[in-house]
């Protein structure tokens with residue numbers, strides 16, 4: 001099939017059985033790939049109310065038609081599962097070079113199902129596919145394992161591995177690849193660990209058929225030319241996502257001390273320009289990337305190196321923990337990567353624990369003796385390790401995420417557990433940015449920014465305005481932006497360089513032979529969005545409006561310092577945002593898609 | 001009578017808003033401003049909302065908006081387009 005490797009690889013870990021099946025043409029037409037394939041298989045194949053860390057859950061890895069192709073940043077695949085962190089839908093996008101090799105091995109989707117009795121790794125070299133013993137790798141760091149497997153098989157093999165965090169089923173464990181890229185959020189690494197899969201090693205040399213080779217070359221080159229000609233290419237490439245750190249600080253969006261404020265008095269110590277001067281060694285891009293946002297950094301004080309930190313980690317493990325030291329943030333990033341835990345959720349959990357300590361809810365008896373004050377670097381490093389190994393009372397508690405931890409601890413700590421649906425909010429403070437707040441409230445994996453990002457829109461329209469246009473903007477972004485995760489390419493060329501998104505349509509058509517406009521693609525995005533919503537409703541009794549509420553901090557506690565001091569979103573405005581959102585989405589007042597909406601989207605039969 | 005000519009030396013910097021920020025200077029490629037004032041003061045004067053400027057790059061190095069412009073500086077202003 002044009003644009004596809006053509007095969008689904010199914011690995012039954014319980015039985016050690018490996019099978020392949022062709023990708024159904026109807027599936028490719030209706031769901032295209034990536035997270036579209038992910039939710040399709042998750043909804044269809046994982047039984048209702050499956051234990052996320054039990055053998056019934058599946059880990060579904062899917063490329064898209066742009067993956068591995070002449071498309072800027074066409075190195076993305078999507079890891080979909082039932083999240084152990086949230087109990088709902090999760091997908092995590094992975095960059096690097098894994099995706100292209102997977103496609104060249106002829107695979108569009110890999111489904112890991114069941115659970116192995118012993119540690120294994122999945123080895124794929126074109127048609128040679130085996131489950132191999134990983135007992136000597138179990139217990140090792142994800143980066144160490146990547147080095148070991150690269151040395152064993154060669155540089156052309158791409159490796160995705162979990163660290164101890166995944167093995168120990170930390171609920172927000174991630175999957176590492178390419179020495180610093182992650183499928184980061186929602187606990188995909190914990191699911192891989194529950195299946196006793198330490199790593200996937202793969203390499204492929206097959207070709208991918210395209211419908212129109214001349215059109216493909218022209219459309220691909222047009223996209224690369226647009227990137228090359230884009231104003232800002234040099235600046236974005238030099239600083240990556242850290243460009244925005246100083247800006248977030250200025251506009252009150254930089255999470256500070258567990259999101260109690262949006263500006264950090266030591267902010268300049270962690271800005272992109274400081275990082276570039278102090279620790280960055282060189283730039284690093286993923287497969288086919290014309291605008292490398294990755295940065296290799298050398299932390300002289302610790303004699304260590306890392307890819308990163310990027311903005312989210314700087315926000316969550318820097319200002320959010322009161323750490324104004326870029327080398328320390330980078331070292332925390334390295335620890336989290338190697339130990340295999342999501343740096344965003346880890347930063348959220350540690351920030352919550354520090355606030356508990358400073359408020360007297362925790363004492364040293366609770367923290368295994370750690371002085372959990374904001375800014376205490378030793379405590380940050382120690383907690384990352386304790387979480388990954390589920391060591392002691394605090395490590396075990398924080399491995400559960402802030403929602404569950406706060407439910408256990410009580411004493412009002414739920415109010416400053418900064419999460420939605422159980423997922424820790426990523427690094428944009430939203431005390432007074434109503435569109436961005438709504439984006440977090442309604443994101444289909446929990447409080448994550450990548451589906452829709454709207455702080456600039458808040459600043460343009462008026463940050464406290466609660467108007468239908470803002471809601472419409474969020475819905476449009478939610479339907480549109482995740483389509484990059486469906487097609488299998490990076491969104492940053494559109495996000496940062498501002499290249500014309502219409503250039504993607506002829507490329508997609510030349511590859512697949514199917515003509516699609518952005519209107520068509522957004523319709524697919526809308527369909528997927530509604531299906532992920534129905535998955536949440538199916539898996540969680542009583543799912544509804546309450547699940548979409550933000551952390552109470554954003555409507556009860558205005559920051560005392562910074563540019564958003566004294567500012568807050570009123571709770572009635574939070575409810576008004578939801579009313580408008582549900583109405584515009586065609587959902588009922590409890591946030592469930594109506595039968596009419598499901599029929600229009602041709603989803604009725606699937607969700608019945 | 002001293003008939004020697006008097007010269008007024010004006011120190012200037014060049015501002016280049018990129019992408020959508022160009023609309024604030026009539027879609028021109030660049031504009032020249034007096035040096036000696038901060039980037040923040042300068043961009044407010046030419047009508048750009050500083051909150052919409054994510055990155056200030058002076059001679060290719062990122063700087064804060066408090067940076068005081070020097071003679072001959074070339075300043076690129078970058079907007080946040082789509083976020084993270």
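I need to check one value: relative contact order of segment A:233-424, counting alpha carbon pairs closer than 8 Å and at least 6 residues apart, in percent.
On the way: 340 pairs, mean separation 32.0, N = 192.
It rounds to 17 percent for segment A:233-424.
Suppose only helical runs count, i.e. DSSP H with n ≥ 4. What mean residue ellipticity at 222 nm does that imply for the protein assembly as shown under -39500 (n - 2.57) per run, divided by all residues and rounded to the nearest 500 deg cm²/dmol? Provide the component values of the computation, followed by the final result.
Working: 28 runs with 258 residues, N = 692.
Only helices count here, giving -10500 deg cm²/dmol.
Based on the Cα coordinates of segment A:84-211, what is the per residue volume of their convex hull in Å³?
Value for segment A:84-211: 109 Å³ per residue.
Please report the antiparallel percentage of the DSSP beta bridges confined to the protein assembly as shown, to the nearest 5.
Details: 61 of 78 bridges.
For the protein assembly as shown, the DSSP antiparallel bridge percentage is about 80.
Report the normalised scattering of segment A:26-65 as log10 I(q)/I(0) at q = 0.15, 0.17, 0.19, 0.31 Å⁻¹, calculated by the Debye formula with identical scatterers on the alpha carbons.
With one equal scatterer per Cα and no solvent, log10 I(q)/I(0) is -0.37, -0.46, -0.55, -1.01.
When averaged across all projection directions, what area in nm² does the alpha-carbon convex hull of segment A:21-177 cover?
Values: hull surface 37.6 nm².
Hull-based average projected area comes out at 9.4 nm².
Could you tell me the extents of segment B:12-79's C-alpha atoms along the three principal axes, largest first, rounded to whole Å?
Ordered largest first, segment B:12-79 gives principal extents of 25, 20, 20 Å.
Assuming a ≥ b ≥ c are the square roots of the Cα gyration tensor eigenvalues, decide whether segment A:293-345 counts as rounded (a/c under 1.5), prolate (otherwise, with a/b larger than b/c) or oblate.
Cα axes put segment A:293-345 in the rounded bin.
How would you classify the protein assembly as shown from its alpha-carbon gyration tensor, with a ≥ b ≥ c the square roots of the eigenvalues: rounded for a/c under 1.5, else prolate if a/b is greater than b/c, otherwise oblate? Numbers along the way, then the final one.
On the way: a/c = 1.44, a/b = 1.26, b/c = 1.14.
Judged from the Cα gyration tensor, the protein assembly as shown comes out rounded (a/c under 1.5).
Can you put A:534, A:483, A:221 in order of Cβ neighbours within 10 angstrom, beginning with the fewest? Kindly include the intermediate steps, with their values, before the conclusion.
Values: A:534 20, A:483 25, A:221 13.
Listing A:534, A:483, A:221 from fewest to most nearby Cβ atoms yields A:221, A:534, A:483.
Wrap a convex hull around the Cα atoms of segment A:382-525, take a quarter of its surface area, and give that in square nanometres. Spell out each step's value before the answer.
Values: hull surface 46.1 nm².
Average projection, Cα convex hull of segment A:382-525: 11.5 nm².
Could you give me the percent of Cα pairs per 10 Å distance bin for segment A:40-83, shortest bin first, beginning at zero and ending with the bin that holds the maximum distance?
Using 10 Å bins, I get a P(r) of 27, 38, 22, 12, 0 for segment A:40-83.
When a/c reaches 1.5 or more, the comparison of a/b and b/c decides; with that in mind, is segment A:233-424 rounded, prolate or oblate per its Cα gyration tensor?
prolate
Grab the beta carbon distance between residue A:461 and residue A:541, set R0 = 41 Å, and tell me the FRET efficiency rounded to 0.05.
Details: r = 37 Å, r/R0 = 0.91.
So, using R0 = 41 Å, E works out to roughly 0.65.
The numbers here are math on the coordinates, done by the rules we state, and not lab data. This one's a predicted model, so the numbers in the text were calculated from it and none came from an experiment. Every residue, glycine as well, gets a Cβ built from its backbone with ideal geometry; the counts of neighbours run over all protein chains shown.
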